[in-house]
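Student: So that we are looking at the same thing, I have put the structure below in structure tokens.
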Amino acid sequence: MDTFFSEMLHKFTLPFTNSVLVFAVLLAVVLLAPILLKRLNVPSIIGLIIAGVIIGPFGLNLIDNNHQGVSMFSTIGLLYIMFIVGLELDLNEFIANKNKSLVFGFFTFIIPLAIGFPVVYYLLGYDLNASFLTASMFATHTLVTYPIVSRLGVAKNQAVAITVGGTILTDTAVLVILALILSNTGGGLDLWFLLRLLISLTIFSGIVFFLIPRITKWFFQKAEGEKYLHFIFVLFVLFLCGFLAELGGIEAIIGAFAAGLTLNRLIPHSSALMNRIEFFGNSLFIPIFLISVGMLVDISVVFSGLTTAIIAVVLTITAIFGKWVAAFFTQIIFKYSVTQRNIIFGLSSSHAAATIAVIIVGYNAGILDEYILNGTIILILLTCIVASLVTQKSAKVLAISQENAPLSESDLGAFAQEKILVPIANPSNIGHHVELALLMKDKRSVNSVSLLGVVPNNEEAEKNIVSFRKQLHEFVQNATAAEIDVDIITTIDHNAASGIVRTARELMTDVVILGWPGKTGVLEKLLGDKVDLIIKNVDKNMFICHIEQELISHKRIVVVSPPLVERELGFDLWLQKVVKLSQELSVPILHLGHPDTQAVISNKKNNGAPFTFKPFIEWHDPLSCDEYIKDDDMIIFVSAHQGYISYLSALDKLPTRLEERFPHHSRIVIFPKQRVVEGLLESDDSLFVPSNF
């Protein structure tokens, strides 16, 4: 009996060593800390850090930060933050503003360094190497508060994009400085180190940005039916890139960010896979990392002596002031708002990962003393608290301003309550049409995407309805994983076309997405006046689609539109859908059309996609645009029927000719909404739609 009780007491000896108990405590903190502190209006990030202080070795000593499980999850969480930053980054915005990122990266590196060095050297009285290394620590920052801007939906703002770019630049520069200072203390600068670093970075970049994307595309295609394998593969790429970065002599966080960048175009932001990645990170890995940051903090060092307290205060004020000045100059030069400046400051003022690396390495090398070490630990806590408060407040203001941005009348009618209908004749041959609908759906709309099945009105009707719903179950699961509502509608009608027309009217649908009706040779027969009648009677924005390859495989969208298309009722809606698709796939758009149309598109505010315009006037032969088309392009033709404002006789039978000219390209033909004269058809009985739409 005594042995039993002694074993039980041993399990509860502080700090806990049992991995199961340690993990249970961490999960309890992740669960309860944000809930308890939310009542005090304290951001969850601060709550987790403070909780780490309480349960850590310098608090209640429940958990030792050297525990293998804590150390592993902490490392995973840090890498996960940088990975999600690269994954969520709007590459189009990032590339378009790369020069701004360079400017901010320069400011956020050189200004804290320039302010910090004289403070440490003259005010605190440290030697040259210690002063320079400590000052370089001021230049680093960790995107601890990035989950805040991500959660509030402002991660795609330009201020966020340039801050992310500046983070990578300044942290890389500081880590190089660290290596140079270490080599300098050994008797001189190691030029071989610089050469080795350059070679390593070249090899690393080749593997990450050229080899891994090709392998990823191949794997996603081969494992199309095994969605969970996609998530495992993404994690493998994340940690492989982190390890390769360490092999090359740079920090694993740089490798994690590079992994996010290289997979950015391959994982649409509204996909189920993206949702799974964010879910696991935000619910487990990142919170444990934040707890581990708090576990490093020893509050008692502030009261252990006046010297430690003074150094901690001086270091913290210098670090915060340097980052604020860098954000201020960035705001002045690029004419950002005060809110954007605060976003930049909030994201770039928190110190954690690279700061810890610099200080601990410097301390172990004998360059820094325990006063700097302890002062830096306090600095980490205080800067994370300040950064969280500033980011939370400014991100809310930015989110509210975006939410309250004035919308045009067409925006309010078309997007806020938009309804998308995807008619499906053959669930076993649905292709990528549901995926396309999920990517194009506006997040402001509370309506679900409707999958429509029309079954013949015969004795097998009820059996066919049950079979149809069962076959579409997988697509509903994928949409649910992406947090997008999908409902299945089945109706009985004497033919598919009349069922589509009736359902689209009953649901007051805004967008109808049809699959491409047939193959070459049969298409001419199927796509004649019958489908023309469908489009006219549905009176919605119609997307007739043939997706030849995986959506993520496309490198550009080419839109070809006739003159006066901007005057059609459906112009704003189809343009927004194309822009949304461009954002999800992170690809640019080439527009071929009339200069007047291009002027209207370029004047649209916040279209959010990088347009390139080329005038196109050869409308006697619309397919002469093939000189602009590349192999990996998605071709979108905006067409029109007789009676449309933008109608041209050259558009007749365009889908047939389009398939003949571009048989191996993904192609979409859009028929924008127009006002239809009532009673154009005498009866829906004349309608017929091919079986593969």
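The values are calculated or read from the model by the stated rules, or taken from the named source; none is laboratory data. Everything numeric here is computed off the predicted structure, so don't read it as measured data. No Cβ is skipped: glycine too gets one built from the backbone with ideal geometry, and neighbour counts run over all protein chains shown. For the accessible areas, the whole protein counts, side chains as well, though only heavy atoms, and no ligand, DNA or RNA atoms are used. Shrake-Rupley method; radii C 1.70, N 1.55, O 1.52, S 1.80 Å.
Student: In this structure, does Ala258 turn out to be open to solvent by less than 50 Å² (accessible area, probe 1.4 Å) and under 20 Å from Val53 (Cα atoms)?
Tutor: Values: open to solvent by less than 50 Å² (accessible area, probe 1.4 Å): yes; under 20 Å from Val53 (Cα atoms): no.
No: the conditions fail for Ala258.
Student: Could you list, in sequence order, all residues of the range 317-352 that are more than 22 Å from the chain's Cα centre (by Cα), open to solvent by 10 Å² or more (accessible area, probe 1.4 Å) and of a type in the set (A, V, I, L, M, F, W, C)?
Tutor: Ile317, Ile320, Phe321, Trp324, Val325, Phe328, Phe329, Ile332, Ile333, Phe334, Val338
Student: Considering only residues that are open to solvent by less than 30 Å² (accessible area, probe 1.4 Å) and under 19 Å from Leu143 (Cα atoms), look in the range 30-56 and name the one that is modelled with the highest pLDDT.
Tutor: Gly52
Student: Just the residues that are β-branched (Val, Ile, Thr) and either at pLDDT below 80 or open to solvent by 60 Å² or more (accessible area, probe 1.4 Å) (or both), please, taken from the range 214-243.
Tutor: Matches in the range 214-243: Ile215, Ile232.
Student: On the given criteria, is Glu548 at pLDDT below 85 and of a type in the set (Asp, Glu)?
Tutor: yes
Student: Tell me, which helices (runs of 4 or more DSSP H) wholly within the range 197-285 include 2 or more residues that are within 28 Å of Leu152 (Cβ to Cβ) and out of contact with any Ser or Thr (no Cβ under 6 Å at 6 or more places or on another chain)? Don't jump to the end; show me each part of the working.
Tutor: Values: elements: 212-222, 227-247, 252-264, 272-280.
Here the list reads 227-247, 252-264, 272-280.
Student: Please determine whether any residue of the range 484-497 is modelled with pLDDT under 65, open to solvent by 50 Å² or more (accessible area, probe 1.4 Å) and among the charged types (D, E, K, R).
Tutor: No, the range 484-497 contains no residue that is modelled with pLDDT under 65, open to solvent by 50 Å² or more (accessible area, probe 1.4 Å) and among the charged types (D, E, K, R).
Student: Can you spot a residue in the range 290-310 that is within 33 Å of the chain's Cα centre (by Cα), surrounded by fewer than 22 Cβ atoms within 10 Å (Cβ to Cβ) and over 19 Å from Leu48 (Cα atoms)?
Tutor: Within the range 290-310, none of the residues are within 33 Å of the chain's Cα centre (by Cα), surrounded by fewer than 22 Cβ atoms within 10 Å (Cβ to Cβ) and over 19 Å from Leu48 (Cα atoms).
Student: Additional query: Within the range 592-628, track down each residue that is closer than 30 Å to Asn537 by Cα, at pLDDT 85 or above and open to solvent by 20 Å² or more (accessible area, probe 1.4 Å).
Tutor: His594, Asp596, Val600
Student: While we're here: If I ask for residues that are outside any loop (DSSP other than H, G, I, E, B) and open to solvent by 60 Å² or more (accessible area, probe 1.4 Å), which ones from the range 629-650 would you list?
Tutor: If the condition is that a residue be outside any loop (DSSP other than H, G, I, E, B) and open to solvent by 60 Å² or more (accessible area, probe 1.4 Å), then Gln642, Ser649 are the ones that fit.
Student: Follow-up. Has the range 385-393 got any residue that is open to solvent by 10 Å² or more (accessible area, probe 1.4 Å), modelled with pLDDT under 75, among the β-branched types (Val, Ile, Thr) and farther than 16 Å from Leu507 by Cα?
Tutor: no
Student: From the list Lys630, Lys653, which one is closer than 30 Å to Ala96 by Cα and charged (D, E, K, R)?
Tutor: Only one candidate qualifies: Lys630.
Student: While we're on this one: Is one or more of the residues making up the range 139-161 buried (at least 23 other Cβ atoms within 10 Å of the Cβ), in contact with a Leu (Cβ under 9 Å, 6 or more places away or on another chain), at pLDDT below 85 and small (Gly, Ala, Ser)?
Tutor: Yes, there is a match, as at least one residue in the range 139-161 is buried (at least 23 other Cβ atoms within 10 Å of the Cβ), in contact with a Leu (Cβ under 9 Å, 6 or more places away or on another chain), at pLDDT below 85 and small (Gly, Ala, Ser).
Student: While we're here: Go through the range 15-56 and give me each residue that's part of a loop (DSSP other than H, G, I, E, B) and either within 21 Å of Leu381 (Cβ to Cβ) or of a type in the set (Val, Ile, Thr) (or both).
Tutor: The answer is Pro15, Thr17, Leu40, Asn41, Val42, Pro43, Gly56.
Student: Please count how many residues of the range 548-579 are among the acidic types (Asp, Glu), touching a helix residue (DSSP H, G or I) at 6+ places or on another chain (Cβ under 7 Å) and under 18 Å from Leu592 (Cβ atoms).
Tutor: Residues in the range 548-579 being among the acidic types (Asp, Glu), touching a helix residue (DSSP H, G or I) at 6+ places or on another chain (Cβ under 7 Å) and under 18 Å from Leu592 (Cβ atoms): 1 in total.
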